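The values are calculated or read from the model by the stated rules, or taken from the named source; none is laboratory data. In this text the structure is predicted, and so the values were computed from the model without any measurement. Glycine also receives a Cβ, built like all others from the backbone with ideal geometry; neighbour counts cover every protein chain displayed.
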């Protein structure tokens, strides 16, 4: 899995990717302090955060237009 996976589609694709990431995070359980699972957890969280920021910025842009 890559961070860019699923980012090139439209808003619907982004929503599907976001739900998929959140589901994957749920299945990982509590974040360990170190190791490969901790790194994966951090990567997934960073991708979710970036997607949420992008969505917020797009919403703010539409509101101000």
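Remark: pairs (first residue in the range 37-65, at positive phi and free of Cβ contacts under 8 Å to residues at least 24 places away in the same chain; second residue surrounded by 12 or more Cβ atoms within 10 Å (Cβ to Cβ) and part of a helix (DSSP H, G or I); Cβ separation under 6 Å; 6+ apart in sequence or on different chains) are absent.
Contact annotation: residue pairs with Cβ atoms under 9 Å, 6 or more positions apart or on different chains, pairing a residue in the range 12-35 that is touching a residue at least 40 places away in the same chain (Cβ under 8 Å) with a partner that is part of a helix (DSSP H, G or I) and surrounded by 10 or more Cβ atoms within 10 Å (Cβ to Cβ), are 14/51; 14/54; 14/55. Checking the range 2-13 against the condition returns no match, with no residue being within 11 Å of the chain's Cα centre (by Cα) and at pLDDT 90 or above.
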